[in-house]
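Here's the structure, in structure tokens; my notes come after.
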Amino acid sequence: MSQDKNNIINHAQLDWSDQSEPFSTQFDDIYFNNDHGADESEYVFFAGNDIEKRWQTFHSEQFCILETGFGSGLNFLTTALKFSQFKQNNPSSQLQRLHFISFEKYPLEIEALQTTLAKFKQFSGLSEELIKQYPLPLVGCHRLSFNQGEILLDLWFGDINQQIDNLSGSALGIADAWYLDGFNPHKNPDMWHQALFEKMYKLSKPTATLATFTAAGFVRRALINAGFTMSKRKGYGKKREMLVGVVQAIEVEQVPKEPPQQTDVAIIGGGIAGLCTALSLAKRGNKVTVYCADETLGAGASGNLQGALYPLLNQQHDELSQLFTNAYQYALNFYNDLDSQVPFSHQFNGLLQLAYDQIAHRKLTNINQAQLPNKLVKWLTEQQTDQLAGLPIGQQSLYYPAAGWLSPRELINSLIALLTTYPNVHIHCGCRVDNVERQSSDTSSNWALTTVTTVQHQTSTSKHQCIVIAAGMDTLKFSQCRAVPLSAARGQVSHIPSKEDLSDLKLTLCHEGYLTPAMHGEHCMGATFKRHDDCVEYREIEQQENHQKLKKCISDQTWVDTITTNDQAHVATRTTTRDHFPYLGELTDYDQLKQDYQAGKSIDLTLPILPNAYLITGLGSRGLCSAPLLAEILASKINQESLPISNNIYKKMQIPRQWLSYMAKNKPLKE
């Protein structure tokens, strides 16, 4: 069982005052005053940190604010609106992006949030977007994007005293400003104490500021002891005083230097993972070059006609389950936003995971016992399953109300169309990367890529500051990745004509394989799973296997028997890992690691890495669910931002995890 007692998040216990103000019954305090809530937020937090003036002379591309209590989101909306106005008035400013990170132990239910924010018409556009993306009550980080990535909101659900330890930071810290918000310190002491303030100080940049509505003496003294220089200021309205602060001066020579940002990035691989990474980087202004060995992007596993989108869950809701639930929510927002710009075929109207035999029933029952939100997943009776499916199935099931299917082929085209609108993105198809080699001099360090055009067979060399390898099983062709423990799994998806009863199927069905509702008169039925088989030739026997698999899992139903197969199918190789976690992040220097191991050196927390080289692979059969968030994590890492993922989950995806396991057991490493 997970240490966080299943990591269940409880909603705020809310009531409404006589003035229709949201009132917390847990903390016996209001969220804000209706008459001047927005004005107080601006005065205390935005002006208290002198943010407007600081933005005018800010010399970085991103300004990061950390908030200790999200509540109704009023502080975020106030700041986001101010930032949008700043951008409009200062189009040539070096400051391009706002990153707002906030913690909330008891998030409002979405209905309460809608009611609360309806009072503030000035935020209508931003609040509508917030409500549209607002996450389910699930532990961990939920990244929301506004204005095409110009504003990022990381909502961390859970106790701030634990969740703050999950933030990733740079040597110079994360926070440019702190909003210390929350209920009255005397009523909510868990958010106002020395240990938390010390963690805040460690996450602060040398020029960070701080503001809070309270002037309580014990709060002021604790912040001073943590390292902040504090002073009092006139409070808002009838409040006599409030506190503002700055990080204590640090000698310049004591400030660690950040490595320069890698603005020129090469992505090797033209599938969904690579293109999602390209988009996340492009939004940050990085120069991005995509190299795809195939003549068309997404020709491999990303080229399916239809694919199922739903999370990978388990009873413990451990790190794996948390990764996929939060990635799933991010993916839904990502795909809906992309579809609003460049439409593609999809249907997020629900998905049924069938309890087709005793083993499947036990597995799904265990997931149901995790007490996850009903809006994420819930148990259905046989009758409910049949009613939602539109066809007789006769089985209990798990129902994912917001899941469904999308067309990876059309998704690829939409991503291409959007990427071509960015002048900082260049895509080369039919251009195979045969070798990558790091080249360093006294003044620069680059990666040299040896490329070969697949038609003319012309060889050339290009140089980039940073590389991202998103090449599936072709990852192993590069010497730097030769020992990454990846496995190939061949999959053939059958395309079957929609006719007779089959056309009545309303939702995606998942069993040992999956069956989708019709798209353009065809359904997808599949998929085979052939381990250690990388052949992509069509096989007639696997068409029959897909049909037999469906018959086995949904037996005694005449509509299953009426399905006819032909020779229409898509065959590709999935890239899988043993523990179902993808490989994501900085590429380990395997040769140096092996050399240190063989020499008997102690492997400490600082593993040898290849500078400015990153890997994203091993997404398996749930790549549609995980790719958008993994890409965003990687782009954040490359741009030295706080990651939208817990440190412990990110560590689970680290490249050398299996090598370290071998070393702990004194096993030899691969040559």
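Read-outs throughout are calculated quantities, based only on the coordinates presented, and are distinct from any laboratory measurement. If you're wondering where the values come from, they're calculated on a predicted model, not measured in any experiment. Here the Cβ is made from the backbone with ideal geometry for all residues, glycine too, and neighbour counts use every protein chain on show.
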Quick note on S302, S661, ordering by fewest other C-beta atoms within 10 Å, gives S661, S302
Everything considered on the Cα gyration tensor (a ≥ b ≥ c; rounded for a/c under 1.5, else prolate if a/b is larger than b/c, else oblate), segment 5-254 must be described as rounded
Sparse-neighbourhood loop hits (GluC sites (Glu not before Pro), segment 507-544; DSSP loop; Cβ within 10 Å at most 13 others) -> E537
Once Lys and Arg are counted +1 and Asp and Glu -1 for all other residues with Cβ under 13 Å from that of I393, the total becomes -3
The extension gain from E522 to E150, computed as 0.36 nm times the residue separation minus the Cα-Cα distance, is 130.0 nm
Per the rule of 0.36 nm per residue minus the C-alpha distance, extending T461 to S170 adds in nm 101.5 nm
Here the relative contact order (percent) of the chain, from C-alpha pairs under 8 Å and at least 6 apart, is 13
Between A216 and E109, the FRET efficiency computed from the C-beta separation at R0 = 25 Å comes out, to the nearest 0.05, as 0.25
Per the C-alpha gyration tensor (a ≥ b ≥ c, the square roots of its eigenvalues), the chain is rounded if a/c is under 1.5, else prolate if a/b beats b/c, else oblate; here it's oblate
Honestly segment 411-551 on the Cα gyration tensor test (a ≥ b ≥ c root eigenvalues; a/c under 1.5 rounded, otherwise a/b vs b/c for prolate or oblate) is just prolate
A correct Karplus calculation of ³J(HN,Hα) over segment 655-671, with 6.51 cos²θ - 1.76 cosθ + 1.60, θ = phi - 60°, whole Hz and x for Gly and Pro, returns 4, x, 4, 6, 4, 5, 5, 4, 5, 5, 9, 6, 8, x, 8, 5, 5
In the neighbourhood of R432 defined by beta carbon distances under 15 Å, the net charge of the other residues (Lys, Arg +1; Asp, Glu -1) is -3
Per the 1/(1 + (r/R0)^6) rule, R0 = 41 Å and r from the Cβ atoms of E61 and S487, FRET efficiency to 0.05 is 0.55
Quick note on I563, I65, I616, I367, ordering by fewest other C-beta atoms within 10 Å, gives I367, I563, I65, I616
Placing each pseudo-label 7 Å from Cα in the direction of the beta carbon, E198 and K234 end up separated by a distance in nanometres of 3.8
For S445, S145, ascending order of other Cβ atoms within 10 Å (fewest first) is S445, S145
Too long for a 22 Å Cα-Cα cut-off, among K601/K667; K205/K239; K82/K187; K105/K132, are K205/K239; K82/K187
Length-normalised contact order of segment 5-254, Cα under 8 Å, at least 6 apart, in percent, tallies to 20
The alpha-carbon center of segment 507-546 and that of segment 297-333 are separated, in whole Å, by 18
